[in-house]
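Report on the following structure.
The values are calculated or read from the model by the stated rules, or taken from the named source; none is laboratory data. Being a predicted model, the structure only gives us computed values, none of them experimental. Neighbour counts run over all protein chains shown; Cβ positions are idealised from the backbone, glycine included.
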Amino acid sequence: MKKFLLIAALFCGIYSAQAIKIIRGPYLQSVTDTEATVVWVTDKEAISWVECAPVDGSNFYNVERPKFYQTYLGKRVFGTVHQVKIKGLKPGHKYCYSVSSKEVLHTKRNRIHYGDVVTARIYGRKYPGFYTLDPKKESTQFIVLNDIHAKQEKMDALLNTFKKGKTDMVFYNGDMVSHVPNVDILFDGFVNASINLFAKQTPFYLVRGNHETRGIFATSFLDYFPTPTGKTYFTLKHGDVFFIILDGGEDKPDSDLEYYETAVYDQFRREEAEWLKGVVESEDCKNAKYRVVLMHMPPIGGKNMWHGPKYSGELFLPILNKANITVMLAGHTHRYSYNTPETTDANFPILVNAHNTALKANVDSNGIKIDVIDMSGTIKHRHSFE
Ligand SMILES: [Fe+2]
(Lines give C-alpha, C1' and ligand atoms only; values in the text may rest on other atoms or scores of the structure.)
Protein backbone atom coordinates (compact mmCIF):
# COMPACT_ATOMS: atom_id res chain seq x y z
CA MET A 1 0.00 0.00 0.00
CA LYS A 2 2.82 2.34 1.01
CA LYS A 3 4.55 1.63 -2.28
CA PHE A 4 1.36 2.39 -4.16
CA LEU A 5 0.93 5.73 -2.33
CA LEU A 6 4.55 6.65 -3.03
CA ILE A 7 4.17 5.88 -6.72
CA ALA A 8 0.86 7.80 -6.81
CA ALA A 9 2.43 10.79 -5.05
CA LEU A 10 5.38 10.77 -7.43
CA PHE A 11 3.05 10.50 -10.40
CA CYS A 12 0.89 13.37 -9.14
CA GLY A 13 4.01 15.42 -8.49
CA ILE A 14 5.27 14.92 -11.99
CA TYR A 15 1.82 15.31 -13.49
CA SER A 16 1.18 18.61 -11.70
CA ALA A 17 4.66 20.02 -12.31
CA GLN A 18 4.23 23.10 -14.45
CA ALA A 19 6.86 24.25 -16.88
CA ILE A 20 8.27 27.69 -16.18
CA LYS A 21 6.32 30.46 -17.92
CA ILE A 22 6.90 34.09 -18.86
CA ILE A 23 3.93 35.82 -17.29
CA ARG A 24 4.73 39.46 -18.17
CA GLY A 25 6.55 40.93 -21.13
CA PRO A 26 9.10 41.00 -22.53
CA TYR A 27 9.12 44.75 -23.15
CA LEU A 28 11.75 47.33 -24.03
CA GLN A 29 12.95 49.97 -21.60
CA SER A 30 15.68 52.58 -21.44
CA VAL A 31 16.45 52.44 -25.16
CA THR A 32 19.19 54.93 -26.02
CA ASP A 33 21.38 55.35 -29.10
CA THR A 34 23.72 52.54 -27.95
CA GLU A 35 21.79 50.45 -25.40
CA ALA A 36 18.43 48.83 -24.72
CA THR A 37 17.08 46.99 -21.71
CA VAL A 38 14.59 44.13 -21.91
CA VAL A 39 12.33 43.41 -18.93
CA TRP A 40 10.18 40.35 -18.32
CA VAL A 41 8.74 38.36 -15.44
CA THR A 42 8.58 34.58 -14.95
CA ASP A 43 6.33 32.62 -12.63
CA LYS A 44 9.32 30.82 -11.11
CA GLU A 45 12.82 31.83 -10.14
CA ALA A 46 15.19 31.63 -13.08
CA ILE A 47 18.53 32.73 -14.44
CA SER A 48 18.10 34.65 -17.67
CA TRP A 49 19.75 35.97 -20.78
CA VAL A 50 19.04 37.90 -23.95
CA GLU A 51 20.41 37.16 -27.40
CA CYS A 52 20.46 40.10 -29.78
CA ALA A 53 21.08 40.37 -33.51
CA PRO A 54 21.09 43.20 -36.04
CA VAL A 55 18.25 43.09 -38.54
CA ASP A 56 20.48 42.88 -41.60
CA GLY A 57 18.79 40.21 -43.69
CA SER A 58 20.63 37.33 -42.05
CA ASN A 59 18.71 34.62 -40.25
CA PHE A 60 18.74 34.90 -36.44
CA TYR A 61 20.48 31.51 -36.38
CA ASN A 62 23.03 32.46 -39.02
CA VAL A 63 25.77 32.83 -36.41
CA GLU A 64 26.11 32.55 -32.66
CA ARG A 65 24.49 35.73 -31.32
CA PRO A 66 25.99 37.55 -28.35
CA LYS A 67 24.38 36.81 -25.01
CA PHE A 68 23.68 39.47 -22.41
CA TYR A 69 23.06 38.70 -18.76
CA GLN A 70 21.64 40.32 -15.68
CA THR A 71 24.56 40.65 -13.33
CA TYR A 72 25.43 42.12 -9.99
CA LEU A 73 29.08 42.71 -9.08
CA GLY A 74 30.20 40.32 -11.78
CA LYS A 75 27.79 37.53 -10.87
CA ARG A 76 24.72 36.44 -12.76
CA VAL A 77 21.63 36.74 -10.60
CA PHE A 78 18.36 34.87 -10.57
CA GLY A 79 14.85 35.80 -9.56
CA THR A 80 11.44 36.28 -11.16
CA VAL A 81 11.90 39.85 -12.48
CA HIS A 82 14.43 39.86 -15.29
CA GLN A 83 16.10 43.01 -16.55
CA VAL A 84 18.87 42.59 -19.10
CA LYS A 85 20.77 45.45 -20.70
CA ILE A 86 21.98 45.05 -24.28
CA LYS A 87 25.10 47.14 -24.85
CA GLY A 88 27.28 48.18 -27.76
CA LEU A 89 24.49 48.92 -30.24
CA LYS A 90 24.78 51.43 -33.08
CA PRO A 91 22.60 54.56 -33.23
CA GLY A 92 19.60 54.34 -35.55
CA HIS A 93 20.10 50.65 -36.27
CA LYS A 94 17.50 47.93 -36.18
CA TYR A 95 17.85 44.93 -33.86
CA CYS A 96 15.86 41.89 -32.83
CA TYR A 97 16.22 39.72 -29.76
CA SER A 98 15.13 36.68 -27.84
CA VAL A 99 14.83 36.29 -24.08
CA SER A 100 15.38 33.05 -22.19
CA SER A 101 14.96 32.01 -18.56
CA LYS A 102 16.21 28.76 -17.09
CA GLU A 103 14.33 27.70 -13.99
CA VAL A 104 16.27 27.45 -10.75
CA LEU A 105 14.86 24.33 -9.10
CA HIS A 106 16.82 24.55 -5.87
CA THR A 107 20.14 25.64 -4.47
CA LYS A 108 22.48 24.04 -1.96
CA ARG A 109 25.56 25.96 -0.87
CA ASN A 110 27.12 27.09 -4.13
CA ARG A 111 25.30 24.46 -6.20
CA ILE A 112 22.36 25.39 -8.38
CA HIS A 113 20.06 22.80 -9.93
CA TYR A 114 18.33 23.98 -13.06
CA GLY A 115 15.10 22.94 -14.75
CA ASP A 116 13.41 23.87 -18.01
CA VAL A 117 14.13 26.86 -20.22
CA VAL A 118 11.40 29.19 -21.49
CA THR A 119 12.08 31.49 -24.42
CA ALA A 120 10.28 34.39 -26.10
CA ARG A 121 11.49 35.12 -29.61
CA ILE A 122 11.07 38.74 -30.60
CA TYR A 123 12.15 38.43 -34.19
CA GLY A 124 10.85 37.22 -37.53
CA ARG A 125 7.85 38.38 -39.49
CA LYS A 126 5.72 39.11 -36.42
CA TYR A 127 8.40 41.16 -34.67
CA PRO A 128 10.55 42.87 -37.29
CA GLY A 129 12.85 44.54 -34.76
CA PHE A 130 13.38 47.72 -32.79
CA TYR A 131 15.44 50.79 -33.57
CA THR A 132 17.96 52.38 -31.29
CA LEU A 133 17.59 56.13 -30.89
CA ASP A 134 19.25 58.15 -33.59
CA PRO A 135 20.50 61.71 -32.99
CA LYS A 136 20.86 62.12 -36.75
CA LYS A 137 17.32 61.10 -37.70
CA GLU A 138 15.78 63.81 -39.87
CA SER A 139 12.16 63.52 -38.77
CA THR A 140 10.81 61.91 -35.64
CA GLN A 141 7.47 61.36 -33.96
CA PHE A 142 6.62 60.78 -30.34
CA ILE A 143 3.41 60.64 -28.35
CA VAL A 144 2.69 61.57 -24.74
CA LEU A 145 -0.06 60.29 -22.43
CA ASN A 146 -0.49 61.16 -18.77
CA ASP A 147 -2.87 60.90 -15.82
CA ILE A 148 -4.46 57.70 -17.08
CA HIS A 149 -4.89 56.46 -13.49
CA ALA A 150 -5.25 52.86 -14.74
CA LYS A 151 -8.39 53.63 -16.76
CA GLN A 152 -8.25 51.08 -19.55
CA GLU A 153 -10.73 52.78 -21.85
CA LYS A 154 -8.56 55.90 -21.84
CA MET A 155 -5.44 53.87 -22.61
CA ASP A 156 -7.11 52.10 -25.51
CA ALA A 157 -8.58 55.27 -27.01
CA LEU A 158 -5.50 57.46 -26.62
CA LEU A 159 -3.09 54.80 -27.84
CA ASN A 160 -4.86 55.10 -31.20
CA THR A 161 -2.44 57.99 -31.70
CA PHE A 162 0.36 55.38 -31.82
CA LYS A 163 1.22 54.63 -35.44
CA LYS A 164 3.31 51.52 -36.03
CA GLY A 165 6.38 52.36 -38.06
CA LYS A 166 5.88 56.10 -37.50
CA THR A 167 5.87 56.61 -33.75
CA ASP A 168 9.45 56.37 -32.50
CA MET A 169 8.76 56.46 -28.79
CA VAL A 170 6.02 56.88 -26.21
CA PHE A 171 6.25 58.99 -23.08
CA TYR A 172 3.98 58.33 -20.13
CA ASN A 173 4.12 61.62 -18.29
CA GLY A 174 3.12 60.43 -14.85
CA ASP A 175 0.14 59.19 -12.86
CA MET A 176 -0.47 56.23 -15.11
CA VAL A 177 -1.75 54.55 -11.95
CA SER A 178 -3.15 56.05 -8.74
CA HIS A 179 -0.97 54.10 -6.32
CA VAL A 180 1.35 51.10 -6.39
CA PRO A 181 0.35 48.62 -3.66
CA ASN A 182 1.37 45.70 -5.90
CA VAL A 183 2.83 44.99 -9.31
CA ASP A 184 -0.49 43.88 -10.84
CA ILE A 185 -1.76 47.45 -10.80
CA LEU A 186 1.13 48.59 -12.98
CA PHE A 187 0.63 45.87 -15.56
CA ASP A 188 -3.18 45.92 -15.55
CA GLY A 189 -3.12 49.71 -15.51
CA PHE A 190 -0.96 50.46 -18.52
CA VAL A 191 2.01 48.13 -19.08
CA ASN A 192 0.03 45.20 -20.54
CA ALA A 193 -1.77 47.48 -23.00
CA SER A 194 1.62 48.87 -24.04
CA ILE A 195 3.13 45.40 -24.49
CA ASN A 196 0.15 44.23 -26.53
CA LEU A 197 0.35 47.21 -28.87
CA PHE A 198 4.00 48.21 -29.19
CA ALA A 199 6.37 47.80 -26.25
CA LYS A 200 8.12 44.67 -27.53
CA GLN A 201 9.48 46.82 -30.36
CA THR A 202 9.02 50.47 -29.45
CA PRO A 203 10.12 51.82 -26.09
CA PHE A 204 8.02 53.73 -23.62
CA TYR A 205 9.65 56.00 -21.09
CA LEU A 206 7.82 56.44 -17.81
CA VAL A 207 8.12 59.89 -16.26
CA ARG A 208 7.35 59.31 -12.60
CA GLY A 209 4.27 61.17 -11.41
CA ASN A 210 3.38 61.90 -7.81
CA HIS A 211 0.94 58.96 -7.75
CA GLU A 212 3.63 56.49 -8.82
CA THR A 213 5.44 57.35 -5.57
CA ARG A 214 2.57 55.98 -3.48
CA GLY A 215 2.10 52.46 -2.14
CA ILE A 216 4.40 49.79 -0.75
CA PHE A 217 5.51 48.64 -4.22
CA ALA A 218 6.54 52.14 -5.36
CA THR A 219 10.14 51.46 -4.34
CA SER A 220 10.32 48.72 -7.01
CA PHE A 221 9.86 51.35 -9.74
CA LEU A 222 13.29 50.88 -11.35
CA ASP A 223 12.96 47.07 -11.35
CA TYR A 224 10.27 47.43 -13.99
CA PHE A 225 11.15 50.82 -15.51
CA PRO A 226 14.93 51.07 -15.66
CA THR A 227 16.47 54.28 -16.98
CA PRO A 228 19.85 55.22 -18.47
CA THR A 229 20.93 56.93 -15.22
CA GLY A 230 19.53 54.47 -12.70
CA LYS A 231 17.47 57.39 -11.38
CA THR A 232 13.97 58.58 -12.27
CA TYR A 233 15.51 61.59 -14.02
CA PHE A 234 17.51 61.13 -17.19
CA THR A 235 18.08 62.45 -20.69
CA LEU A 236 17.67 61.11 -24.22
CA LYS A 237 18.76 62.38 -27.61
CA HIS A 238 16.79 61.50 -30.68
CA GLY A 239 16.53 63.35 -33.97
CA ASP A 240 16.82 67.07 -33.34
CA VAL A 241 15.56 66.79 -29.76
CA PHE A 242 17.42 66.57 -26.49
CA PHE A 243 14.89 65.30 -23.93
CA ILE A 244 15.24 66.10 -20.24
CA ILE A 245 13.02 63.89 -18.09
CA LEU A 246 12.50 65.23 -14.57
CA ASP A 247 10.89 63.81 -11.45
CA GLY A 248 9.02 66.39 -9.39
CA GLY A 249 8.34 64.00 -6.49
CA GLU A 250 5.19 64.32 -4.42
CA ASP A 251 2.78 67.24 -4.53
CA LYS A 252 2.36 68.11 -0.83
CA PRO A 253 5.05 68.98 1.77
CA ASP A 254 7.12 65.95 2.84
CA SER A 255 5.64 66.06 6.35
CA ASP A 256 2.08 65.57 5.11
CA LEU A 257 0.20 62.84 6.99
CA GLU A 258 -0.68 61.14 3.70
CA TYR A 259 2.96 60.06 3.25
CA TYR A 260 3.24 58.33 6.64
CA GLU A 261 6.76 59.65 7.33
CA THR A 262 8.22 58.17 4.12
CA ALA A 263 8.66 61.31 1.96
CA VAL A 264 12.07 62.96 1.54
CA TYR A 265 11.38 64.64 -1.76
CA ASP A 266 12.88 68.04 -0.97
CA GLN A 267 16.31 66.45 -0.60
CA PHE A 268 15.62 64.32 -3.68
CA ARG A 269 14.80 67.44 -5.72
CA ARG A 270 17.95 69.23 -4.53
CA GLU A 271 20.09 66.28 -5.64
CA GLU A 272 18.24 66.24 -8.95
CA ALA A 273 18.87 69.97 -9.40
CA GLU A 274 22.63 69.39 -8.98
CA TRP A 275 22.46 66.74 -11.71
CA LEU A 276 20.42 69.10 -13.91
CA LYS A 277 23.11 71.80 -13.68
CA GLY A 278 25.53 69.39 -15.35
CA VAL A 279 22.98 68.34 -17.94
CA VAL A 280 22.36 71.85 -19.28
CA GLU A 281 26.12 72.39 -19.56
CA SER A 282 26.58 69.22 -21.63
CA GLU A 283 27.48 69.40 -25.31
CA ASP A 284 24.51 67.14 -26.15
CA CYS A 285 22.14 69.65 -24.59
CA LYS A 286 23.80 72.73 -26.03
CA ASN A 287 24.20 71.31 -29.53
CA ALA A 288 20.66 69.98 -29.95
CA LYS A 289 18.30 71.93 -32.15
CA TYR A 290 15.46 71.60 -29.60
CA ARG A 291 15.36 70.89 -25.87
CA VAL A 292 12.14 69.34 -24.55
CA VAL A 293 11.54 68.88 -20.82
CA LEU A 294 9.02 66.36 -19.50
CA MET A 295 7.90 66.73 -15.90
CA HIS A 296 4.62 65.50 -14.48
CA MET A 297 3.74 68.41 -12.19
CA PRO A 298 3.94 71.80 -13.93
CA PRO A 299 5.38 74.73 -11.96
CA ILE A 300 2.40 76.93 -12.76
CA GLY A 301 -0.38 78.53 -10.73
CA GLY A 302 1.35 81.30 -8.75
CA LYS A 303 0.23 81.39 -5.13
CA ASN A 304 -2.14 78.47 -5.68
CA MET A 305 0.76 76.10 -6.36
CA TRP A 306 1.18 73.18 -3.99
CA HIS A 307 4.56 72.62 -2.40
CA GLY A 308 5.84 69.91 -4.81
CA PRO A 309 5.54 71.80 -8.11
CA LYS A 310 6.43 75.07 -6.37
CA TYR A 311 9.71 73.77 -4.96
CA SER A 312 10.49 71.94 -8.23
CA GLY A 313 10.01 75.27 -9.99
CA GLU A 314 12.22 77.13 -7.52
CA LEU A 315 15.01 74.59 -7.99
CA PHE A 316 14.73 73.63 -11.66
CA LEU A 317 13.51 76.76 -13.45
CA PRO A 318 16.58 78.96 -12.75
CA ILE A 319 18.69 76.17 -14.30
CA LEU A 320 16.36 75.49 -17.22
CA ASN A 321 15.92 79.22 -17.91
CA LYS A 322 19.60 79.37 -18.91
CA ALA A 323 19.29 76.39 -21.26
CA ASN A 324 17.16 77.73 -24.12
CA ILE A 325 14.40 75.18 -23.50
CA THR A 326 11.95 74.81 -26.38
CA VAL A 327 8.96 73.62 -24.35
CA MET A 328 8.09 71.78 -21.15
CA LEU A 329 5.41 69.07 -21.37
CA ALA A 330 3.48 68.36 -18.18
CA GLY A 331 0.25 66.85 -16.84
CA HIS A 332 -1.09 66.46 -13.28
CA THR A 333 -3.85 69.11 -13.41
CA HIS A 334 -6.03 66.87 -15.63
CA ARG A 335 -6.82 69.98 -17.67
CA TYR A 336 -5.28 71.33 -20.83
CA SER A 337 -3.44 74.63 -20.51
CA TYR A 338 -0.84 76.43 -22.51
CA ASN A 339 1.27 78.66 -20.31
CA THR A 340 3.35 81.32 -21.99
CA PRO A 341 6.52 82.68 -20.33
CA GLU A 342 4.64 85.87 -19.39
CA THR A 343 2.42 83.86 -17.04
CA THR A 344 5.02 81.73 -15.22
CA ASP A 345 8.57 81.93 -13.87
CA ALA A 346 9.81 79.92 -16.87
CA ASN A 347 11.23 81.65 -19.92
CA PHE A 348 9.78 78.92 -22.14
CA PRO A 349 6.22 77.69 -22.71
CA ILE A 350 4.70 74.97 -20.53
CA LEU A 351 2.14 72.80 -22.30
CA VAL A 352 -0.07 70.86 -19.89
CA ASN A 353 -1.84 67.86 -21.36
CA ALA A 354 -5.18 66.72 -19.94
CA HIS A 355 -6.02 63.25 -18.63
CA ASN A 356 -8.16 62.42 -21.67
CA THR A 357 -6.00 63.69 -24.52
CA ALA A 358 -2.72 62.61 -26.06
CA LEU A 359 0.06 64.75 -27.47
CA LYS A 360 1.36 63.75 -30.88
CA ALA A 361 4.61 65.52 -31.73
CA ASN A 362 6.22 65.60 -35.16
CA VAL A 363 9.76 66.95 -35.24
CA ASP A 364 11.87 67.97 -38.21
CA SER A 365 14.29 70.73 -39.12
CA ASN A 366 11.37 73.17 -39.44
CA GLY A 367 10.32 72.76 -35.83
CA ILE A 368 8.18 70.73 -33.45
CA LYS A 369 4.48 70.44 -34.21
CA ILE A 370 2.35 69.12 -31.36
CA ASP A 371 -1.28 68.11 -31.81
CA VAL A 372 -3.49 67.65 -28.75
CA ILE A 373 -5.80 64.78 -29.69
CA ASP A 374 -8.87 63.62 -27.76
CA MET A 375 -10.20 60.09 -27.26
CA SER A 376 -12.25 60.24 -30.46
CA GLY A 377 -9.17 61.18 -32.48
CA THR A 378 -10.15 64.83 -32.92
CA ILE A 379 -7.39 67.43 -32.84
CA LYS A 380 -8.36 69.89 -30.09
CA HIS A 381 -5.29 72.18 -30.16
CA ARG A 382 -2.20 72.62 -32.30
CA HIS A 383 1.12 74.10 -31.28
CA SER A 384 4.31 74.81 -33.20
CA PHE A 385 7.76 75.49 -31.80
CA GLU A 386 10.65 76.65 -33.91
FE1 LIG B 1 -0.36 64.06 -10.53
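Table for the structure above
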read-out: Sole exception among (1) within 16 Å of the ligand (Cβ to nearest atom); (2) assigned to a loop (DSSP other than H, G, I, E, B); (3) within 28 Å of F242 (Cβ to Cβ) for F171, by number; value: (2)
read-out: Among (1) surrounded by 16 or more Cβ atoms within 10 Å (Cβ to Cβ); (2) closer than 23 Å to Y95 by Cβ - the single one R214 does not satisfy; value: (2)
read-out: One residue from G249, G230 being of a type in the set (G, A, S) and more than 18 Å from S30 (Cβ to Cβ); value: G249
read-out: Out of R109, R121, sole residue that is charged (D, E, K, R) and over 23 Å from the mean Cα position of the chain (by Cα); value: R109
read-out: Filter pass, F171 being under 16 Å from the mean Cα position of the chain (by Cα) and crowded, with 20+ Cβ neighbours inside 10 Å; value: yes
read-out: Those residues of the stretch 340-366 which are exposed (fewer than 15 other Cβ atoms within 10 Å of the Cβ) and not in a loop (DSSP other than H, G, I, E, B), in sequence order; value: P341, E342, T343
read-out: Failed item in (1) of a type outside the set (D, E); (2) away from the ligand (no atom under 16 Å from the Cβ); (3) assigned to a helix (DSSP H, G or I); (4) closer than 24 Å to T344 by Cα, with S220 passing the rest; value: (4)
read-out: Subset tally (residues that are more than 17 Å from V292 (Cβ to Cβ), in contact (Cβ under 8 Å) with a residue 24 or more places away in the chain, out of contact with any helix residue (DSSP H, G or I) (no Cβ under 7 Å at 6 or more places or on another chain) and not charged (D, E, K, R)) for the stretch 358-380; value: 1
read-out: Of the criteria (1) surrounded by 13 or more Cβ atoms within 10 Å (Cβ to Cβ); (2) aliphatic (A, V, I, L, M); (3) more than 12 Å from V38 (Cβ to Cβ), which one V99 fails; value: (3)
read-out: Strands (runs of 3 or more DSSP E) within the stretch 55-149 that include 1 or more residues among the β-branched types (V, I, T) and more than 30 Å from N287 (Cα to Cα); value: 78-86, 94-108, 111-122
read-out: Residue list for the stretch 154-168, filter: of a type outside the set (S, T, N, Q) and either within 16 Å of the ligand (Cβ to nearest atom) or assigned to a loop (DSSP other than H, G, I, E, B) (or both); value: K154, F162, K163, K164, G165, K166, D168
read-out: Qualifying residue in the stretch 126-142 (condition: outside the structural domain of A53 (by TED's automatic domain parsing), within 16 Å of the ligand (Cβ to nearest atom), under 25 Å from L351 (Cα atoms) and in contact (Cβ under 8 Å) with a residue 12 or more places away in the chain); value: no
read-out: Neighbours by Cβ (under 7 Å, 6+ apart or cross-chain): first from the stretch 102-117, closer than 18 Å to W40 by Cβ and in the same structural domain as Y69 (by TED's automatic domain parsing); second outside any strand (DSSP E or B) and at pLDDT 95 or above; value: E103/I20; G115/I20; D116/I20
read-out: Unmet criterion (only one of (1) in contact with a helix residue (DSSP H, G or I) (Cβ under 7 Å, 6 or more places away or on another chain); (2) in a helix (DSSP H, G or I)) for K237; value: (2)
read-out: Which numbered condition H355 misses (of (1) under 25 Å from the mean Cα position of the chain (by Cα); (2) over 30 Å from N160 (Cβ atoms)); value: (2)
read-out: Selection within the stretch 143-153 - surrounded by fewer than 20 Cβ atoms within 10 Å (Cβ to Cβ) and within 15 Å of the ligand (Cβ to nearest atom); value: H149, A150, K151
read-out: Filter pass, F242 being part of a strand (DSSP E or B), over 22 Å from E314 (Cβ atoms) and either within 16 Å of the ligand (Cβ to nearest atom) or not charged (D, E, K, R) (or both); value: yes
read-out: Among (1) among the aliphatic types (A, V, I, L, M); (2) free of Cβ contacts under 8 Å to residues at least 60 places away in the same chain; (3) more than 15 Å from G189 (Cβ to Cβ) - the single one A150 does not satisfy; value: (3)
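Each row is one residue, and each column tells you yes or no for (1) more than 16 Å from the ligand (Cβ to nearest atom); (2) assigned to a loop (DSSP other than H, G, I, E, B); (3) over 22 Å from T219 (Cα atoms).
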{"position": "E261", "(1), (2), (3)": "yes, yes, no"}
{"position": "V279", "(1), (2), (3)": "yes, no, yes"}
{"position": "R291", "(1), (2), (3)": "yes, no, yes"}
{"position": "M297", "(1), (2), (3)": "no, yes, no"}
{"position": "I300", "(1), (2), (3)": "no, yes, yes"}
{"position": "Y311", "(1), (2), (3)": "no, no, yes"}
{"position": "I319", "(1), (2), (3)": "yes, no, yes"}
{"position": "Y338", "(1), (2), (3)": "yes, no, yes"}
